[in-house]
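Structure first, then comments.
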Amino acid sequence: MITKKQAACLSAAIAMTGIAFLSCNGNKGRQYGNIQFDSICVSQTLPLIEGDTASPSCDLKITYVYPAQADTAVLDAKKVRGSLLAFCFGKENMRGNDEKATVEAFRDAYVNEYRNDLTALYMEDIKSSNGDETAAHAWYSYYQTIEARPIAARKGYLACEVNTHNYRGGAHGMYDTRYLNFRMPDGHLMEIEDVFKPGYEAAIDSMLLERLLDATQSANREELEEKAYLLDMDMYTSRNFRLGQDSIYFFYNVYEIAPYSCGATELALPYESVKEWMATQE
């Protein structure tokens, strides 16, 4: 979910770069500067037993915003589209750079897996419950949400945020946020090694630990562990990052440095504080 702070940053980015979110209303994307964005939305509920709307169901919701076209001097949109499609929907579902066909392939694979995995189990539960379908419904009703969109980024980069939320049985659903940073104009998908010079780990890890202590209002490592952070592990530089306008943000999803109850954690390091480790001094 985008925070109020991120939304404010995005509004500023739109004013400066012409990047904007598009509503999923079936219309073609509009031109903003030299980059044209388009979008695909899916909202479907499909029953576990095909044709039986009284059976449990899976809900699939997709909001996918992507750079459809761009001046090559600004961005290699084709390269970005391929990387973004593969990340969001899996290489096995890609149908070239055809967004609609790829999304449809992902939907079909998701529904087929749902039915193949659960139909027999559900029918057994119905038999053992003397036909009482209500008792079995909750555990067999799945959902999957995928949201991909551009967000505010450092000058010279296109950053995309991909949020997923799914439930496949169990005590609670799972949510996940990932960031993809594309260098302009060549569309290269940035890795942490593209951002920092070799040997950065100890210094950046230490800075992030200090940020985590501040964020959790902890005086030391022992207090962090009392709050369930970094149990049986050391702080590390997340490879899940976004290049903001003034800082680089490192994102840790649930279970990565703390349990589900603590939620996700985002830590910011201003470029000024890490400039000696930056691979480029832009």
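Can you give the accessible area of Trp139, probe radius 1.4 Å, in Å² rounded to 10?
Ignoring ligands and nucleic acids, Trp139 comes out at about 150 Å².
Given contacts defined as C-alpha pairs under 8 Å and at least six residues apart, what's the relative contact order of region 97-203, whole-number percent?
Values: 108 pairs, mean separation 16.4, N = 107.
Dividing the mean separation by the residue count of region 97-203 yields 15 percent.
With each pseudo-label sitting 7 Å past Cα toward Cβ, what's the His172-Glu225 distance in nm, one decimal?
2.4 nm
For region 80-233, what does the accessible surface come to per residue with a 1.4 Å probe? Please give it in Å².
Here the residues of region 80-233 average 51 Å² of exposed surface.
Over region 96-201, with every protein chain in place, what whole percent of the accessible area is carbon and sulfur at 1.4 Å, could you tell me?
Ligands and nucleic acids excluded, carbon and sulfur reach 53 percent.
Pop out the ³J(HN,Hα) list for region 60-66 in order, Karplus 6.51 cos²θ - 1.76 cosθ + 1.60 with θ = phi - 60°, rounded to Hz; leave Gly and Pro as x.
Result, ordered by residue: 10, 10, 10, 10, 10, 10, 9 Hz.
Would you please give the FRET efficiency between Lys275 and Asp234, computed as 1/(1 + (r/R0)^6) with r the Cβ-Cβ distance and R0 = 22 Å, to the nearest 0.05?
0.35
For Val74, enumerate residues with amide H under 5 Å from its amide H, sequence gap 5+ or separate chain, H modeled in the peptide plane.
Close amide H contacts, sequence-distant or interchain: none at all.
The values are calculated or read from the model by the stated rules, or taken from the named source; none is laboratory data. Since this is a predicted model, take the numbers as computed values, not measurements. Glycine also receives a Cβ, built like all others from the backbone with ideal geometry; neighbour counts cover every protein chain displayed. Accessible surface areas use protein heavy atoms only, side chains included; no ligands, DNA or RNA. Shrake-Rupley method; radii C 1.70, N 1.55, O 1.52, S 1.80 Å.
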